[in-house]
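Here the structure comes first, spelled out in structure tokens, and everything after it is commentary.
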Amino acid sequence: MDFKEIKIAIIIPTYKESESISILADRILTIFPNAKIIIVDDSPVKENTKIKEQFKKKKDTINICSRFKKEGRGSAVIVGFKQALKNKATDFFFEMDADLAHNPDEIVNFLKKRNQADVIVGSRYLSESKITQWPLRRLILSKTINAFLKIWLGINLTDYTNGFRMYNRKSIEYVCSVSLKEKGFILLSEVIYRLKKAGFKIIEIPITFKDRTYGKSNAGIREHVNSLIGLVRIRFS
């Protein structure tokens, strides 16, 4: 089957990612020319203008939702999903990071498994996964957090915090219909928890993860503290 014919939408949350987003979007459209890309941008006006300028000739395939202030990765993705759902022809919905940490060539690996689950999570921690150019400190922190989440939330996954995922329409309709408590990175874990409790099937596939090529991480100390507080809210929601 020609995977290019499958109707997909790809949600990309951005915050000061003007250096990398055009590279990522071009790579996606080279592989999947019919994909719909929705960029939800929280950058200030000046940075947002740069992004709009890059895509002014691609309005048919790339939609930019501008919020002009940092409201959280999680809430950005939900805004994108709600917009993508308006197109009744779209069958599968992706989210991925803008910093080139996720390889768009691997989108096809998700689509190959599309009939096996409602949600497919790209994991950095399966035996066939690969991680390159990531500082050891961040790797240890990420593995520790995910080990804790596995115990705390009671779901047998290896990677709760990676934002490279594919959802079918039914699962996204559910996510967009419930009242989610979180807005930041920790929403990745809340979505998994809510979907699993609702009976959706979730599987993982290995991915190749590369540390960001441009810019710097937007997850500061405040984000980590808010995530810890969020975990308590999620577990007892």
Q: Specify which residue in the list 48, 153, 107 is farthest towards the positive end of the charge dipole of the chain, using unit charges on the beta carbon of Lys, Arg (+1) and Asp, Glu (-1), about the Cα centre.
A: 153
Q) Separation between the residue 113 and residue 181 pseudo-spin-labels, each 7 Å from Cα along Cα→Cβ, expressed in nm? A) 2.8 nm
Q: Note down the nm distance, to one decimal, between modelled labels 7 Å out along Cα→Cβ at residue 50 and at residue 203.
A: 4.1 nm
(Q) If packing is taken as the average count of other Cβ atoms within 10 Å, what order do 149-156, 126-133, 19-26 fall into, highest mean first? (A) 19-26, 149-156, 126-133
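Restricting attention to the range 36-123, which trypsin sites (Lys or Arg not before Pro) occupy a DSSP loop and are surrounded by at most 13 other Cβ atoms within 10 Å? Write out the running numbers ahead of the final one.
Values: sites: 36, 46, 50, 52, 56, 57, 58, 59, 67, 69, 70, 73, 82, 86, 88, 112, 113, 114; in loops: 56, 57, 58, 59, 67, 69, 70, 86, 88, 113, 114.
For trypsin sites (Lys or Arg not before Pro) across the range 36-123 that sit outside H, G, I, E and B with at most 13 neighbouring Cβ atoms in 10 Å, the list reads 56, 57, 59, 69, 86, 88, 113.
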Q) Using all Cα-Cα distances in the chain, what percent lands in each 5 angstrom bin from 0 up to the longest? A) 1, 6, 15, 19, 22, 18, 12, 5, 1, 0
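What is the fewest-to-most order of 28, 207, 202 by other Cβ atoms lying within 10 Å of their Cβ? Could you put the intermediate results ahead of the total?
Values: 28 22, 207 26, 202 19.
The most exposed by this proxy come first: 202, 28, 207.
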Q) How do 179, 142 rank when sorted from fewest to most other Cβ atoms within 10 Å of their own Cβ? A) 179, 142
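Evaluate 2.2 N^0.38 Å with N set to the residue count of the range 6-135, then give the Cα radius of gyration divided by it.
Details: Rg = 14.7 Å, N = 130, 2.2 N^0.38 = 14.0 Å.
Compactness ratio reported: 1.05.
All of the numbers you see were taken from the coordinates with simple rules; none came from a lab. As the structure is a computational prediction, the values presented were derived from the model and not from experiment. All Cβ positions, glycine included, derive from the backbone under ideal geometry; neighbour counts span all protein chains shown.
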